[in-house]
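Shown next, in structure tokens, is the structure this report addresses.
The values are calculated or read from the model by the stated rules, or taken from the named source; none is laboratory data. Treat the numbers as computed from the prediction; the structure is a model and nothing was measured. Note that we place each Cβ from the backbone using ideal geometry, even for glycine, and neighbour counts take in every protein chain shown.
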Amino acid sequence: MPALVHAIASAFTDAFGHDAALLVRAPGRVNLIGEHTDYNGGFVLPAAINKEIFFAVAPNNLGRIRLASYDKQEHHEVELTAEPLAPGPVQWANYLLGVAAQFQKRGLAVQGFDCVFGGTIPMGAGLSSSAAVECGLAYALNQLHNYGLNSLQLAQLAQKAEHEFAGVLCGLMDQFASIMSRAGQVVRLDCRSLEYVYFPFDTQAAQVVLCNSGVKHNLADSEYNVRRSQCERGVAVLRRYYPTIQTLRDVTLAQLQAHQQEMDELTYRRCRYVIEENERVLRACDYLNAGDLTAFGQQMYASHAGLRDDYEVSCPELDVLVEAARGLPGVFGSRMMGGGFGGCTINLVAPEHVEDFVAEVSRHFTAQYGRPLETYHAHIVAGVSAVPVTVGA
Ligand code: GAF
């Protein structure tokens, strides 16, 4: 049992005076390509990574939800009443309460429980710490109370928790990746049909290196929702001509161009990015199948350019990191990852060049910004699971 899980289990016993009934691990994620496509009914290519949140959970028979953040060393308690759970003033607790509320919404009674959680996913780094928190608790409560929801239903429930208790109208990618991933594989999800295909990821050929810009933009959540509505605005215009269109997933570049004059320039660029990014994901998967990482990497660079210029969710630090990576020996591709406005770049690097890559990009970043660059060597792991309790670990 990892030392951190052990510490969280002990903290649970100290805080609540009884042992945890269940220990759970929920990972963060990377996304190789397919950004801002999920809520447009398109394709994404994520994988869970070895940055994780751990939970210790047990029922308490007190009619109360008692929560403790191991990392923040804070407690929060809520009484269960006849009223449905509502978001409260403590932001970190809302991710957990939001999950409990979603079970209630599905007519599943939530009993009192205790929970301590903490982990290794850096906050605001675009590695989906919030989805991991939601998915871990969703999994834990489903086990504890035998609700019988399947993995996909848990991912969707966690997504709704984010919508309703965090106010971010996210797509399904992050929660899907945290729950459905498999070790050593990336997964292409069709966010419309919810069909998914796993692709082996050959770590002998490339490693995933993350460079954390250290930028956390407080406009990120509101701008995210703005992007979503800009896409919907584009769809509304196009639907006048193509009534069967549901989302940008259904639109070709030629159709968009044919009606460019009928939408404002910003809406046009947002839509163009999404349509092109969907095409890039499909092409990138073909390249992955063919073992052509150079061609795959070119799609990543093109994705970054679209996110920077058309979708406008990058920031100078991310652009600097991508440019610093470009052309270095052994680098296949680099781009910003996740919602944007900060967080990490994802880089595919040949194993024998990883060390030099990290040294060179760090040197460049520090010379420009006067602060050290945090990098993570990501390993692709399986989605959420129970952690077996090993005595004396
Ligand atoms: C965030 C969201 F939560 C995801 O659903 C996705 O839209 C991503 O931004 C951008 O691809 O992580």
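Things to note:
- Any hit, the range 330-343, residues being surrounded by fewer than 18 Cβ atoms within 10 Å (Cβ to Cβ) and away from the ligand (no atom under 16 Å from the Cβ): yes
- Flag for E52 being away from the ligand (no atom under 16 Å from the Cβ) and assigned by the TED database to the domain that holds V116: yes
- D174 vs. criteria of a type in the set (D, E), surrounded by fewer than 20 Cβ atoms within 10 Å (Cβ to Cβ) and in contact with a strand residue (DSSP E or B) (Cβ under 7 Å, 6 or more places away or on another chain): no
- Positions within the range 69-96 being in a helix (DSSP H, G or I) and touching a strand residue (DSSP E or B) at 6+ places or on another chain (Cβ under 9 Å), in sequence order: W92, A93, L96
- All positions within the range 206-243 that are part of a loop (DSSP other than H, G, I, E, B), out of contact with any strand residue (DSSP E or B) (no Cβ under 9 Å at 6 or more places or on another chain) and surrounded by 12 or more Cβ atoms within 10 Å (Cβ to Cβ): V215, K216, H217, Y242
- Matching residues in the range 101-128 - criterion: being in contact with a His (Cβ under 7 Å, 6 or more places away or on another chain) and crowded, with 24+ Cβ neighbours inside 10 Å: none
- Flag for V389 being without any contact (Cβ under 8 Å) to a residue 24 or more places away in the chain and of a type in the set (A, V, I, L, M): no
- Single unsatisfied condition, E83 versus (1) more than 25 Å from V389 (Cβ to Cβ); (2) within 16 Å of the ligand (Cβ to nearest atom): (2)
- Out of V381, V387, V349, V391, one residue alone is at pLDDT below 95 and either loosely packed, with under 15 Cβ neighbours inside 10 Å or not polar (S, T, N, Q) (or both). It is V391.
- Flag for G184 being more than 25 Å from V78 (Cβ to Cβ) and either more than 16 Å from the ligand (Cβ to nearest atom) or under 14 Å from the mean Cα position of the chain (by Cα) (or both): yes
- Qualifying position, being of a type in the set (F, W, Y) and under 29 Å from Y39 (Cβ atoms), among F357, F332, F365: F332
- V30 being in a strand (DSSP E or B) and within 16 Å of the ligand (Cβ to nearest atom): yes
- From the options L97, L67, L137, residue that is under 17 Å from the mean Cα position of the chain (by Cα) and more than 16 Å from the ligand (Cβ to nearest atom): L137
- Residues of the range 222-248 that turn out to be of a type in the set (K, R) and away from the ligand (no atom under 16 Å from the Cβ), as a count: 3
- Restricting the first member to the range 246-261 and to residues that are surrounded by fewer than 18 Cβ atoms within 10 Å (Cβ to Cβ) and in a helix (DSSP H, G or I), and the second to residues that are β-branched (V, I, T) and modelled with pLDDT of 95 or more, the beta-carbon pairs closer than 9 Å and six or more apart or on different chains are L253/I275; Q255/I245; Q255/I275.
- Some residue of the range 147-164 being away from the ligand (no atom under 15 Å from the Cβ) and of a type in the set (F, W, Y): yes
- Taken over the range 158-203, the criterion of being assigned to a loop (DSSP other than H, G, I, E, B), at negative phi and not polar (S, T, N, Q) is satisfied by V168, L169, C170, G171, L172, R182, A183, C191, R192, E195, F201, D202.
- Of the candidates E374, E352, the single residue that is away from the ligand (no atom under 16 Å from the Cβ) and closer than 30 Å to R228 by Cβ is E374.
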